[in-house]
Amino acid sequence: MQQRLHSGPQSTLSFIGANVCLKGSLHFTGNVLVQGEFKGEIRGDGHLEIAETGKAEGDIHTKELVNHGHTTGYICVENRVELNAGCYHQGNVKAPKIHIDPEAKFEGRMMMPDAVPIPATKPWISRRRFQIAAVLVLILAAGFASTAISRESPDYFRNIWNRLDAIWEARVGEWLQSSEPKNPELRLEEQQRRYMAEAARYESKGEFDKAVTSLRKALRLKGSRQSVARYRLAKILAQQNHSREAISEIKSLLQRTPGHIEGMILLGDLYVQNGQFSKAVEIYREAYLREPEDIVLKRRLQIVESRVRSVQPELAKPAKETLDPIQVLINAERFISGKDPARAVNLLRGAIEKTPDNARFHFLLGAALVQMNRRNEAIRAYEKVVSLSPDWLDGYIRLGALLESQNRDKDAIALYEKAGQLDSNDIEMKIRIANLHKSRKRKKLAHKILLDLLEKHPRSSRVLVELGVFLWENKQPKESKKMFMQVLEIDKDSAPALNRLAWFHRRDKDSLEHGIKLSKRSLEIQPDTPAYLDTLAELYYRNGESVKALPLIQRAIELEPGTRYFRLQLEKFKRASRK
């Protein structure tokens, strides 16, 4: 439905909620926060912020823009654009000031108007440092002049030179080296970042050969931005019609990062350009298995499949008995989703005999074995996944979960920490590590991990919920309540926060009704959640309505029959209802 929205000056902040999807045009003044999805033109004279969960598809014209989410289209901003860590923008950007975080993804051209005044360059040396250098030069000159005298009193002048050396090392040497990080790994990361920024500048000017050179330099440093640099290099090569080199780079990228969807799509497009439709079908199918909701990808796959079927000579070739890995994966997925894991195991083991180095075969084999409750075999399958594809995060997550189920917390922590090095922005991985440390009674370390996460992602409701739970378990109810209140400011439909805040009201008779409203809302969002049912039942019991509490706790017992606490609650409510 087409809509035209106006955000008037009477409201200081307007927002589009996380579960809202709108299409049309948005004209606003003041401040606007987009947490949901908006398709169409956005135009205003204020501050626009796209949250981590937000998506905007269309042209944006505003005064200021801060982007944490996903945007597509042309951006024209009067003052400043910020593309922060975790955001993804596809399209050109025009603004006097542009800030791009190293962890942001940006595909397009940057345009910065010439009218922006260029700040005066600072002198390479300050007046104070010049004075220090001049004094040292005079001292050194005096030392050289007294060389002859030093022969008569060598010890005296040797002491003077030693002191001068110490001053030089402590003051001047430190000053000269202060611009570069001392840690070799930090220097490498910083240099790689500089090469990539340099490549972006060359690309914005249309100097693609220079951009390619800078990206190749960045790749040689082998820092944490390898995948981003390689994808950008392949894309530039593809734009310059260097298809063979681009395909080589994308294959190298997918070998290290099998789940890189953008890379898979680019490879499929290159195969189509070269007339290799069968190969394009294979790669599009594989991408579609990972992103089944992508309608554009599905359409590409259908078009290329129809072209393959229309090429009669290709179909007329004698069929050889070769393994079709895509078909194996499709059939295995169908068996697993159809609760027939035994057939999936047989199919995948046969495929692994012919292609033992296919990490996806081992991954699905692990999933089928878990469904059959053969956990030790599943662990071996996922260990093979991690060894074949050391950059595949899903492999680490599945293996870590299995290790946790066997109480091998130490092994799971080591695995998650290794995976965390692959993606420093992976919140779930860090939360898993914190929870494992918490279960091993390392509360200070768990607390520090959560606080570091909150500092890096201050508007992440997921991190705030975990920190709130941690504070509650450590008998800090006031601080815990503050965390859950912050969650609702970001996401008013957060069921965990609503449930926890409702639980806080159970001891306050004057606010029991408000607690009941919060608890009911949490169950509307996530019905049949045993813990939420227990919260509402407890609130009814405290409000003198034990009869209403009984069916709720009975439903919780049906859902989790092995939980003894729910049965004790049932007995308590029954006794109260008899009075």
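The values are calculated or read from the model by the stated rules, or taken from the named source; none is laboratory data. Note that the structure is predicted; figures quoted are calculated from it, not measured. As a convention, Cβ positions derive from the backbone with ideal geometry for all residues, glycine included, and neighbour counts pool all protein chains shown. Please note that ligands, DNA and RNA were not included when accessible areas were found on the heavy atoms of the full protein model with its side chains. Shrake-Rupley method; radii C 1.70, N 1.55, O 1.52, S 1.80 Å.
Take the residues in the range 448-489 that are among the polar types (S, T, N, Q) and not in a helix (DSSP H, G or I); name whichever of them is most open to solvent (accessible area, probe 1.4 Å). Within the range 448-489, the match that is most open to solvent (accessible area, probe 1.4 Å) is Q476. E314 passes every criterion in (1) part of a helix (DSSP H, G or I); (2) open to solvent by 100 Å² or more (accessible area, probe 1.4 Å); (3) of a type in the set (D, E, K, R); (4) at pLDDT below 85 apart from (2).
Residue under question is G17, and the condition is that it be surrounded by fewer than 19 Cβ atoms within 10 Å (Cβ to Cβ), at pLDDT below 80 and at positive phi; does it hold? For G17, the condition - surrounded by fewer than 19 Cβ atoms within 10 Å (Cβ to Cβ), at pLDDT below 80 and at positive phi - is not met. For K492, the test of being more than 24 Å from I427 (Cα to Cα) and modelled with pLDDT of 85 or more is failed.
For the range 443-464, indicate whether the set of residues that are of a type outside the set (A, V, I, L, M, F, W, C) and more than 30 Å from C87 (Cβ to Cβ) is non-empty. Among the residues of the range 443-464, at least one is of a type outside the set (A, V, I, L, M, F, W, C) and more than 30 Å from C87 (Cβ to Cβ), which makes the answer yes.
Of the numbered criteria (1) at pLDDT below 85; (2) out of contact with any Phe, Trp or Tyr (no Cβ under 9 Å at 6 or more places or on another chain); (3) in a helix (DSSP H, G or I), the one D423 fails is (3).
For (1) open to solvent by less than 20 Å² (accessible area, probe 1.4 Å); (2) within 21 Å of I490 (Cα to Cα), each residue gets a yes or a no:
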position: L26; (1), (2): yes, no
position: N31; (1), (2): no, yes
position: V34; (1), (2): yes, yes
position: L48; (1), (2): yes, yes
position: E52; (1), (2): no, yes
position: K55; (1), (2): no, yes
position: K63; (1), (2): no, no
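Looking at the range 353-364, can you tell me whether even one residue there is assigned to a helix (DSSP H, G or I), open to solvent by 70 Å² or more (accessible area, probe 1.4 Å) and at pLDDT 85 or above? Within the range 353-364 (the criterion being assigned to a helix (DSSP H, G or I), open to solvent by 70 Å² or more (accessible area, probe 1.4 Å) and at pLDDT 85 or above), the answer is yes, since at least one residue qualifies. Based on what the data block shows, is L393 under 22 Å from I326 (Cα atoms), open to solvent by less than 50 Å² (accessible area, probe 1.4 Å) and over 24 Å from the mean Cα position of the chain (by Cα)? Spelling it out, it is not the case that L393 is under 22 Å from I326 (Cα atoms), open to solvent by less than 50 Å² (accessible area, probe 1.4 Å) and over 24 Å from the mean Cα position of the chain (by Cα).
Determine whether the range 277-292 contains at least one residue that is polar (S, T, N, Q), open to solvent by 20 Å² or more (accessible area, probe 1.4 Å), in a helix (DSSP H, G or I) and on the phi < 0 side of the Ramachandran plot. Yes, the range 277-292 has at least one match.
Of the numbered criteria (1) under 22 Å from A419 (Cα atoms); (2) surrounded by 15 or more Cβ atoms within 10 Å (Cβ to Cβ), the one E305 fails is (1). Pairing residues of the range 186-212 that are more than 18 Å from K97 (Cα to Cα) with residues that are aromatic (F, W, Y), at Cβ distances under 6 Å and at least 6 apart in sequence or on separate chains, gives K210/Y202; A211/Y202. Checking A576 against (1) open to solvent by 50 Å² or more (accessible area, probe 1.4 Å); (2) farther than 27 Å from E455 by Cα, only one condition comes out false. Which one? For A576, the failing item is (1). When the range 252-304 is filtered for residues that are closer than 21 Å to R360 by Cα and more than 27 Å from the chain's Cα centre (by Cα), the ones remaining, listed by number, are S278, K279, A280, V281, E282, L301.
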